[in-house]
Each structure stands twice: as C-alpha cells, then as structure tokens.
C-alpha cells in the first residue's frame, strides 16, 4: 500500500461540492471513481476541506492509498484521463503513511470575489458575486482585520450546524480592490466596466459557511449599512442574526492548503 497526496483544481459550477452525496455529482465521487478504475478496487479519498456546492478550488488537497505501483507523473496523467475537464489533478506525490489531507493541514487560504460598479461580464458570472454600486473597500479591510487572531466565530456559522467548538484562528483577513487592468483574463475590459473586490483569509480552520458569512457582513459595511468597527460587536455577540447574509457560493475559492 502506497500513500499519496494530490493537489487539485476544480470549477464547482454544477457540482454538489466536494463530499459525495446521494444525488448530484461531487468532486469526491469523481476522484474516487477514477481511482477505482485505475487501482481495481474502491478507494476512499479524504480532502483538506469539504467545499460546498458551487464553490471552486485552485489548490484543494486530497489523500488516499493505492495497492498498485504508480509513480506520481503516471498517476496525474491517468487521473486526468478519467476526470472531466472541470476537475484537474495538478500534481501528485507519495506521502507518509500517517499523512491525512484534513487532519495534517496547518493553514487554509480562501478567497471571496465580488464584482462591483458595472455590468457583470459573462466570463466572471460563475466566479464572483455581483454587488452593483461602489463599495468602501477601506472600511471593509478595517473590519476584516478585526477578525485576525483567535476568536469564537459562532456569529458566522450557518444555522443548524452542530460542532463542539466554534473557536478558530485567523492568521490574516484582508479586503482589497483589484483594478480591471490587473484582472488576468479580464485584462482589456474598460476601466468603467467594474472591478473586483477580493476578500482573502488564511486560517487554521473554518466553520460551515464562515467565509461566505464574513463576506456578506463585509459587503454590508462596504455599502455603508454598518460601520467598520461594528464587526467587533458582531464577533463578540456570537449571534448569527447580527452578521450579514451568507454570500453566494460562486464567489468562493479554496486557494491553497499549507502543511508546514
């Protein structure tokens, strides 16, 4: 038995998320089915984070064991042959027998993307939340920084979630504006077409819908409906009703997972 670690990227549009579900297509099911084909047996795959339906990934990490002998390069080619174009294995490596994608993870970085000011370009539609009108990004950033450190994030947890501990540590929490000219494949759009506002957060772990709830709260602050300093009161209240709405799934991306 050989243990492996994969780094994957996927477009979550039309998928039910990472975790295998009774109905719908999940990333886990796609990867496990592909591994079963090449290893000749059922293979259980663990991920660093269970992304929700519609959420994307640039650097999801998965771990599993195989009985057949594969080198990393062959494994990448074989998996990508059996996976749909919306899910790609970027790299593979042998891992220590006790490596676990979730429990060995030290930090996870998520990015939430918001398109403001102009019409939503079709190429951005599946990867950003459209919030028409300018946002006060400086106020959003001041509020985001109040979340850095170790806190009880119960106010940003989705209702009905049952976890024994809602304390999490955020290493960084920042909001920035990205001009169109710096927007990668969006380069070339006129400046008046809008811009991206990006919330990026790195933490030891996240509650269900936590990043999307924070993003929704930051948008309320950016629209001037709440002061930047109100974020501290929301955090201390531990009351989900005090926070903003849960932002749509399509704006969220799992950027990377760190194990050091």
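Values in this text are rule-based calculations from the coordinates and carry no lab data. Everything numeric here is computed off the predicted structure, so don't read it as measured data.
Would the range 2-94 count as rounded, prolate or oblate if I go by the C-alpha gyration tensor, calling it rounded below 1.5 in a/c and otherwise prolate when a/b exceeds b/c, oblate otherwise?
prolate
Using only Cα atoms, locate the centre of the range 52-85 and the centre of the range 1-44, then give the distance between them in Å, rounded to an integer.
7 Å
Give me the log10 of I(q) over I(0) for the chain at q = 0.07, 0.09, 0.13 Å⁻¹, as the Debye formula computes it from C-alpha points; what are the numbers?
Values, matching the q order: -0.26, -0.43, -0.86.
Please check: in the Gaussian network model of the chain (C-alpha springs, under 10 Å), which one of 174, 145, 68 has the largest mean-square fluctuation.
68
Remind me, relative contact order of the chain in percent, using alpha carbon pairs under 8 angstrom and six or more residues apart?
Averaging sequence separation for qualifying contacts and normalising by length gives 24 percent for the chain.
Just to be sure I understand: with springs between alpha-carbon atoms less than 10 Å apart, which residue in 83, 123, 35 has the highest mean-square fluctuation in the Gaussian network model of the chain?
The residue that fluctuates most here is 123.
Most fluctuating residue of 65, 217, 74 in a GNM of the chain with Cα springs under 10 Å: which is it?
74
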